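The values are calculated or read from the model by the stated rules, or taken from the named source; none is laboratory data. Everything numeric in this text was worked out from a predicted model, so none of it was measured. Methodologically, a virtual Cβ is constructed for each residue, glycine included, from the backbone with ideal geometry; neighbour enumeration extends over all protein chains shown. The accessibility values were calculated without ligands, DNA or RNA, using every heavy atom of the protein model including side chains. Shrake-Rupley method; radii C 1.70, N 1.55, O 1.52, S 1.80 Å.
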Amino acid sequence: MTDDGYAELTSALRGFLDAVATAGPHDQVQALTDDLRRWTAILAESRQEEGKRVFGERFDLPDRGQTLTPVFAPQVVTTSKVEGTAWFGDYFHGSNGAAHGGTLPLLFDEVFGHIAVERGSRARTAYLHTDFRSVTPIGVDLQVRAWVERAEGRKLFLAADLRDGEVVCAEAEALFVLLRDGAP
Ligand SMILES: CCCCCCCCCCCC(=O)SCCNC(=O)CCNC(=O)[C@H](O)C(C)(C)COP(=O)(O)OP(=O)(O)OC[C@H]1O[C@@H](n2cnc3c(N)ncnc32)[C@H](O)[C@@H]1OP(=O)(O)O
């Protein structure tokens with residue numbers, strides 16, 4: 001991992017988003033807004049084209065340096081399976097202590113993507129089906145795994161599940177299609 005501060009920035013940004021998501025009314029809200037706008041302007045000056053950015057493009061950083069998805073820490077990554085832990089911060093809260101339903105396919109897409117990348121393939125998600133089996137708790141280490149069911153030509157059929165101990169929170173099935181040479 002390159003020690004240029006971006007791993008810490010990603011972690012700090014996640015913490016900030018979790019704090020925003022759980023904060024009540026605050027007397028410093030205008031100061032915060034002003035700070036955010038100031039930093040937005042500073043960062044806008046160094047806007048980069050895709051391929052030269054950090055967010056989501058730095059494979060040496062946790063979560064590729066992005067905060068779009070819940071935390072995913074892979075422990076096993078092969079061309080046929082991925083296993084690791086997932087963690088949904090408060091930012092991903094939906095209601096009644098459960099993760100927002102839309103964030104589960106977001107996690108699964110990311111996890112499936114590791115298999116495609118490990119296979120050296122440029123691929124895109126054609127479909128991703130999620131079954132919500134039990135509420136996904138916030139702030140708990142969860143176990144996630146994904147595997148290749150079968151490959152047919154350019155089509156990669158994938159499956160995954162997310163567990164809280166013995167409890168299955170969600171399952172997913174997806175089709176990733178390997179891109180043709182020259183596809184954008
Ligand atoms: C280290 C950390 C890394 C971590 C890295 C983590 C990265 C995160 C990964 C995120 C991945 C994404 O979200 S990607 C972004 C979301 N996805 C997209 O935007 C995709 C939008 N759609 C497309 O671009 C296109 O439709 C494609 C690429 C999916 C397919 O187009 P194509 O290449 O022209 O192929 P096409 O001929 O249409 O289809 C090929 C075969 O697939 C079948 N097929 C295509 N779509 C479907 C479908 N929805 N349902 C069933 N079957 C389908 C066709 O029938 C055909 O079967 P047959 O006739 O051959 O039998």
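Applying the selection to the range 122-136, what residues are touching a residue at least 40 places away in the same chain (Cβ under 8 Å), surrounded by fewer than 16 Cβ atoms within 10 Å (Cβ to Cβ) and away from the ligand (no atom under 11 Å from the Cβ)? Scanning the range 122-136 gives a single hit, 131.
Please verify whether the range 18-33 includes one or more residues that are surrounded by 15 or more Cβ atoms within 10 Å (Cβ to Cβ) and of a type in the set (S, T, N, Q). Within the range 18-33, not a single residue is surrounded by 15 or more Cβ atoms within 10 Å (Cβ to Cβ) and of a type in the set (S, T, N, Q).
For residue 86, indicate whether it is surrounded by 14 or more Cβ atoms within 10 Å (Cβ to Cβ), more than 13 Å from the ligand (Cβ to nearest atom) and either among the hydroxyl-bearing types (Ser, Thr, Tyr) or touching a residue at least 12 places away in the same chain (Cβ under 8 Å) (or both). Spelling it out, residue 86 is indeed surrounded by 14 or more Cβ atoms within 10 Å (Cβ to Cβ), more than 13 Å from the ligand (Cβ to nearest atom) and either among the hydroxyl-bearing types (Ser, Thr, Tyr) or touching a residue at least 12 places away in the same chain (Cβ under 8 Å) (or both). Taking only the range 108-121 into account, find how many residues are more than 9 Å from the ligand (Cβ to nearest atom) and open to solvent by 50 Å² or more (accessible area, probe 1.4 Å). Count: 2.
Of all residues in the range 1-17, those satisfying the criterion of being open to solvent by 90 Å² or more (accessible area, probe 1.4 Å) and either under 24 Å from residue 97 (Cα atoms) or among the acidic types (Asp, Glu) (or both) are 3, 8. Scanning the range 89-107 for residues that are within 16 Å of the ligand (Cβ to nearest atom) and either open to solvent by 10 Å² or more (accessible area, probe 1.4 Å) or farther than 19 Å from residue 133 by Cβ (or both) turns up 102, 103, 105, 106.
Could you list, in sequence order, the residues of the range 146-164 that are open to solvent by less than 40 Å² (accessible area, probe 1.4 Å) and closer than 20 Å to residue 75 by Cα?
At the first step, the residues of the range 146-164 found to be open to solvent by less than 40 Å² (accessible area, probe 1.4 Å) are 146, 148, 156-162.
Scanning the range 146-164 gives 146, 148, 158, 159, 160, 161, 162.
Pairs linking a residue in the range 48-62 that is free of Cβ contacts under 8 Å to residues at least 60 places away in the same chain to a residue that is open to solvent by less than 60 Å² (accessible area, probe 1.4 Å) and assigned to a loop (DSSP other than H, G, I, E, B), with Cβ atoms under 6 Å and 6 or more positions apart or on different chains, are 55/66; 56/66.
Considering only residues in the range 25-61 that are modelled with pLDDT of 95 or more, within 26 Å of residue 4 (Cβ to Cβ) and among the acidic types (Asp, Glu), the one that is farthest from the ligand (Cβ to nearest atom) turns out to be 35.
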